[in-house]
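Enquirer: One structure coming up, written as structure tokens, with questions to follow.
A short reminder: the numbers here are calculations on the coordinates, not readings from a lab. Just so we're clear, the structure is a prediction, and the values are computed from it rather than from any experiment. With ideal geometry, Cβ positions are generated from the backbone for all residues, glycine too; neighbour counts draw on all protein chains shown.
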């Protein structure tokens, strides 16, 4: 039986595909304070600004300039090799993992290509601009459709399942994460507590680097594929 593995991915893996991270000098927060575009209060105060921010991100994601990179593709090979023993948890709201072919995935911070009704909580896919005129297809209400994104002050999705899966895994690997954002940054501690072998792949040293057994420095697109190939070979 292949070892059970949980992968956690963050902004670093998507940055190699051309998606700006939030904290870079020219990143996604440039010109915006988080409280202006990424809180429930901001959406109540100025929904048009919030829509513009996320519509711009969605449009860039669909522009044809953003594609999965070798790290995304390598994780697909890993999933195909070990099947149900694989789970990918991502902090990213883009759809690059799915476009690469990943099936077993949890988006703990939501999905840019989905919308959610504030009145009835119906979630649906969406590839166009959101506006205040959008009507919920389920309850019929207008003006309550919001990006299906976890904003500051909100609880990440499927946390109970994530903690359970991490506690049960034998290998835990974080790829392109800052080690700052909670609760994702603490998952490695749970993995180590239950005896998992832990790996960190990052271009820069994350805040929680000391919690990992193994640190592999470099671009995910260059470091993850050979690690996956070695893991598959050892599991076969």
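Enquirer: Output yes when any residue across region 142-165 is touching a residue at least 24 places away in the same chain (Cβ under 8 Å), under 16 Å from the mean Cα position of the chain (by Cα), under 24 Å from residue 220 (Cα atoms) and in a strand (DSSP E or B), and no when none is.
Expert: Looking for residues that are touching a residue at least 24 places away in the same chain (Cβ under 8 Å), under 16 Å from the mean Cα position of the chain (by Cα), under 24 Å from residue 220 (Cα atoms) and in a strand (DSSP E or B), one finds none in region 142-165, hence no.
Enquirer: If you don't mind, there's one more thing I want to ask. Within region 68-86, track down each residue that is touching a strand residue (DSSP E or B) at 6+ places or on another chain (Cβ under 8 Å) and either surrounded by fewer than 21 Cβ atoms within 10 Å (Cβ to Cβ) or without any contact (Cβ under 8 Å) to a residue 40 or more places away in the chain (or both).
Expert: Listed by number, the residues that qualify are 79, 82, 85.
Enquirer: Exactly one condition in (1) touching a residue at least 24 places away in the same chain (Cβ under 8 Å); (2) over 17 Å from residue 57 (Cα atoms) is not met by residue 93; state its number.
Expert: (2)
Enquirer: Checking the conditions here, which among 178, 234, 121 is in a loop (DSSP other than H, G, I, E, B) and farther than 19 Å from residue 89 by Cα?
Expert: 121
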